[in-house]
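Written out below as C-alpha cells is the structure these notes cover.
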Amino acid sequence: RVMTSTSLTRQLSRRVSQTFAESVLNSGALFAPPDRPDHELERPKTDVGASQDMLQTNGEAIVNLLNNCLGSGMLSMGFAFAKAGILASVGVMLLSAFLNRFTLLLNVKTNALAGTDPSSADVGHKAFGQAGRVSLILLYTIFSFFCCVSYVDASADAVSGLAALVAGGRMPSLRTTLIGCWAVLLLPTTLLRSLKAVALLSFVAFLGGLFMLAAVFSYCLSELAHTGLPALSSLAWIPPSALDFISAFPILLLVFSVQAGGGVVLATMRDTSAENVQAVSRNAYALVMAMDFLIGIMAYVTFTDRVQGNVLLNFSPQSWTAVVARVALLDLVVLSYMIMMVPCKLAMIDLAFGKNEARLEASPAQFYGVTLALNLAALVVALLISDLSLVLSLNGAVCTNIVAFVLPIAFYLRIRSSHEGAPLLSGDHAPYMLIIAFGSVSLVLGTIPIIGKLVGGSG
C-alpha cells in the first residue's frame, strides 16, 4: 500500500518526469514483470497500462531511468575516483552497472513467476510472508530517508558557497547553515499534502540536475584551461590503499541502483517485448555510465587529491559558473527532498496506523506528526553526518547492497523454488548465490570505514 492511487498514477504516466515520481511514491512499487523471455511484459495489475497513449516511448523510458540516477551522488564521483584510482573506479563502475541491471531485470522475472502486483510489496510477502513485505518496505524507506539526509547536507553546502559570495569572511557555522536550510528550504515543502504537482516538480528537479552537470563541466574545463593538465604520475590509477578503495566502493555501487523505480519504467513502455526491455535498460545504463565517468574524471583531474566529497566545495565562491552550479543544486535537492520524503511518510503511516496516505486516509494529526518526526530525524542525522560522501557511502554500503544484490536474489530463488520445485542449493543457483555473497561481503567491508569515521568524529 506504499503506492500512489490509480488516478495519480495515470497523471504521472504521461510525463517525461513520471518515473522519478513513481519510484518515490511507489516505494513498494518495485518491479514490472516480463512473463517469459520471448513474450511481452505482463502489465501491472493497475490502470497504468490501460491505454497506449498513456504509456512511454523508448526515449521517455530512458530519460526516466536517468532521472532515477542523476542526483547528488554525481558530486562525489571525483572523490570516489581519488580514493579508488581511475582504473579501479572504472572497473567497479562496470561491475556495478552490470549487477544492478541484472538484478533489475531479475526483479521483473520474479514478479512474473509470483504473479504479484509490481506496484506493491506483494513479492516480498509471497517470498517470505509478512516479514518479507515489511523488510522490503522498510529498506526502501531507509534508502529514501538517507537520500533525504544527503539532500540536507548538499543544500547546506550549496548555501554556504552562495553565502560566501555575499558575506565574505562573516560566515555562519555549518550547524547553523544546516538548520537554516532545513527549516526554510526543506521542511515547508514536505508539509504539502497534495501530490498533484509531484510530476511537474520532479521534472524541474531533473532539469536542475542537468544544469548542475553542465556547470560542473564548464567550471572544470575553465580550471584546466588555466592551470593545464596534471602530470600523469600525479594521478592515482590504482587504489592508494585498501581502506581508500573500500571507502569509495559503496558510492560507485549506489549511483547505479535504480531498483526502486526502474521496474515501473519497464512496465509502462509501449513496447514491452523482451528485446526492447533489454535494449532500453542497456542504453540507459550506458548513458549513466558515461555521465558519471565524465563528471568523476573531470573533477578528479581538475582537483586531483584535493577533490572533496562534494566537488562544489572545491569551487571558488566568486565564479559565476560555480554560482549557477550551486543554484542548480539547490533546485535539485530542495525538490528532490520533498519527493523522496513522500515514500517515507507513506510507509510510516501505513505501518504505524494502517492508513493509505496516498488516498489521504490518515488524519491531519497522523500526517503532520509523522512528517515532522521524519524531518527532525533527517536533520539530526545530517547534523551528525555532515559529509555528503559519508552519507552516500552509508546508503551505498547498507541499503544498496541489500536492496540491489541480496533481496532480489533471495526473492527470486525462494519463489522459483516454490513454483518449480527447484532446490535452493542446486548447481543452477550457484551464480545467484555468488551475487548474494558479493552483496554480503560488500556490506560488511563497506561499513567498516564508515564506522571508523563515525566513531572518529570525522563525519
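The values are calculated or read from the model by the stated rules, or taken from the named source; none is laboratory data. Values in this document were obtained by computation on a predicted structure and should not be read as measured data. A quick note on method: Cβ atoms are made from the backbone with ideal geometry, for glycine too, and the neighbour counts reach across all protein chains shown. Note: areas computed on protein heavy atoms with side chains; ligands, DNA, RNA excluded. Shrake-Rupley method; radii C 1.70, N 1.55, O 1.52, S 1.80 Å.
Which residues, taken from region 355-365, are open to solvent by less than 40 Å² (accessible area, probe 1.4 Å) and either closer than 28 Å to Asp153 by Cβ or touching a Phe, Trp or Tyr at 6+ places or on another chain (Cβ under 9 Å) (or both)?
We begin by selecting, within region 355-365, every residue open to solvent by less than 40 Å² (accessible area, probe 1.4 Å); these are 356-358, 362.
Selection gives Glu357, Ala362.
Counting just the residues of region 76-118 that are among the polar types (S, T, N, Q) and closer than 17 Å to Tyr412 by Cα, which one comes out surrounded by the most Cβ atoms within 10 Å (Cβ to Cβ)? If we take residues in region 76-118 being among the polar types (S, T, N, Q) and closer than 17 Å to Tyr412 by Cα, then Asn111 is surrounded by the most Cβ atoms within 10 Å (Cβ to Cβ).
Scanning region 339-354 for residues that are open to solvent by 20 Å² or more (accessible area, probe 1.4 Å), at pLDDT 85 or above and aliphatic (A, V, I, L, M) yields a total of 2. Which ones in region 386-412 are over 12 Å from Thr103 (Cβ atoms), assigned to a helix (DSSP H, G or I) and of a type outside the set (Gly, Ala, Ser)? Once the filter is applied, which keeps residues that are over 12 Å from Thr103 (Cβ atoms), assigned to a helix (DSSP H, G or I) and of a type outside the set (Gly, Ala, Ser), region 386-412 yields Leu388, Leu390, Val391, Leu392, Leu394, Asn395, Val398, Cys399. Looking only at residues in region 326-371 that are assigned to a helix (DSSP H, G or I), of a type outside the set (S, T, N, Q) and free of Cβ contacts under 8 Å to residues at least 40 places away in the same chain, the one that is nearest to Tyr219 (Cα to Cα) is Val370. For region 132-151, a tally of residues being open to solvent by 10 Å² or more (accessible area, probe 1.4 Å) and hydrophobic (A, V, I, L, M, F, W, C) returns 8.
Test of understanding: among Gly129, Gly124, which residue is assigned to a helix (DSSP H, G or I) and buried (at least 21 other Cβ atoms within 10 Å of the Cβ)?
Values: Gly129 fails: buried (at least 21 other Cβ atoms within 10 Å of the Cβ).
On inspection, the qualifying residue turns out to be Gly124.
Residues in region 42-77 that are under 15 Å from Thr272 (Cβ atoms), part of a helix (DSSP H, G or I) and modelled with pLDDT of 75 or more: Asn58, Glu60, Ala61, Ile62, Leu65.
Could you tell me whether any residue of region 431-443 is in contact with a helix residue (DSSP H, G or I) (Cβ under 7 Å, 6 or more places away or on another chain), within 27 Å of Leu388 (Cβ to Cβ) and touching a residue at least 60 places away in the same chain (Cβ under 8 Å)?
Within region 431-443, the first condition is being in contact with a helix residue (DSSP H, G or I) (Cβ under 7 Å, 6 or more places away or on another chain), and the residues that meet it are 432, 435-436, 438-440, 442-443.
Pick out the ones that are also within 27 Å of Leu388 (Cβ to Cβ) and you get 438-440, 442-443.
Narrowing further to those that are touching a residue at least 60 places away in the same chain (Cβ under 8 Å): 438, 442.
Yes, the conditions are met somewhere in region 431-443.
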